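Visitor: Handing you this structure, nothing more for now.
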């Protein structure tokens, strides 16, 4: 990594300039932020890399375009470069702690249908709810992109929900990033999914214990071992 140009770091990934023009390398770290401290979860980066690859490929097979190009090795993926849309989409399939505290609805209650939230950047961090109309007024997204983001987000949510349900986890919520790709200066940009698809961008609950994984080294280490085994990344001995 020392000979490559580091672009920036975001959560569980480091982004490096790719060797080919218009590409970027995503490096998946073993680090996890636990109670404000960065600690190591052995194997997390490699497992997240393979989970994200599998889900990206499934989405592309179903016609959902993404910046993902291919997995390079155990910890790295190659993506195409796009213009990042400054609005994220967060989808809720079950109620979370905030809903429980604000409205008294039991945490983990299945919602009748996925609820979409638009989340926009602030001067401090990217966690502020914003109406689509206000995001359009700021020039962050266009009116047609609002509808495209909703359609794409629901498709992605359906795929990821089904994947984790298949290995006995409920997808509580998921946060999605998108990018614009311009074919030429005369065409409208295309929206592509540009995020990672790992437990770091969503909340999961075991269907056996009905518990959401708590943030500790021991719990997360066991969680990732279970995730690798259940998803088939690590084959169980006969």
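Visitor: When ranked by the protection proxy of mean other Cβ atoms within 10 Å per residue, highest first, what sequence do the peptides 46-58, 102-114, 15-27 form? Can you show the working numbers first?
Guide: Details: 46-58: 20.6, 102-114: 10.8, 15-27: 15.8.
Going by the mean number of other Cβ atoms within 10 Å, highest first, we get 46-58, 15-27, 102-114.
Visitor: If each DSSP helix of 4+ residues adds -39,500 (n - 2.57) and the sum is divided by the residues in the chain, what number results at 222 nm, nearest 500 deg cm²/dmol? Let's see the in-between values first.
Guide: Values: 5 runs with 70 residues, N = 238.
When only DSSP H runs of four or more count, the value is -9500 deg cm²/dmol.
Visitor: Same structure, new question: Enter the Cα centre distance for the pair segment 137-198 and segment 1-40, rounded to the nearest angstrom.
Guide: 22
Visitor: Could you list the residues of segment 167-187 with an amide nitrogen less than 18 Å from a label point located 7 Å from the Cα of residue 65 in the Cα-to-C-beta direction?
Guide: Of the residues in segment 167-187, 177-187 have backbone N under 18 Å from the label point off residue 65.
Visitor: Let's test the formula: R0 of 22 Å, r as the Cβ-Cβ distance of residue 128 and residue 98. What FRET efficiency results, to the nearest 0.05? Can you show the working numbers first?
Guide: Details: r = 14 Å, r/R0 = 0.62.
According to the calculation, E is roughly 0.95.
Visitor: Give me the extension gain from residue 183 to residue 6: residue separation times 0.36 nm, minus the current Cα-Cα distance, reported in nm with one decimal.
Guide: Details: separation 177, 0.36 × 177 = 63.72 nm, distance 2.65 nm.
Stretched fully, the residue 183-residue 6 segment lengthens by 61.1 nm.
Visitor: Where q = 0.13, 0.14 Å⁻¹, what log10 of I(q)/I(0) comes from the Debye formula for segment 13-145, counting one point per Cα?
Guide: Scattering profile of segment 13-145, log10 relative to I(0): -0.84, -0.98.
Visitor: If the chain between residue 38 and residue 165 were fully stretched, how many nm would it gain, using 0.36 nm times the residue separation less the Cα-Cα distance?
Guide: Working: separation 127, 0.36 × 127 = 45.72 nm, distance 2.95 nm.
Gain on extension, residue 38 to residue 165, equals 42.8 nm.
Visitor: Give me the distance in nm between label points sitting 7 Å out from Cα along the Cα-to-Cβ direction at residue 226 and residue 57, one decimal.
Guide: 2.6
Visitor: Would you compute, for the Cα atoms of segment 6-81, the largest minus smallest coordinate along each principal axis and list the three values in descending order, in whole Å?
Guide: 39, 26, 20
Visitor: So for 136, 83, 200, 145, fewest C-beta neighbours within 10 Å to most, what's the order?
Guide: Numbers: 136 15, 83 12, 200 18, 145 21.
Least to most surrounded, the residues fall as 83, 136, 200, 145.
Visitor: Given R₀ = 22 Å, what would the calculated FRET efficiency be for residue 106 paired with residue 208, taking r from the Cβ atoms and rounding to 0.05?
Guide: 0.70
Just so you know, all these numbers are worked out from the coordinates, no wet-lab data involved. Keep in mind that this is a model prediction, so the values were computed, not measured. Neighbour counts are summed over all protein chains in view; Cβ atoms, including those assigned to glycine, are modelled from backbone coordinates with ideal geometry.
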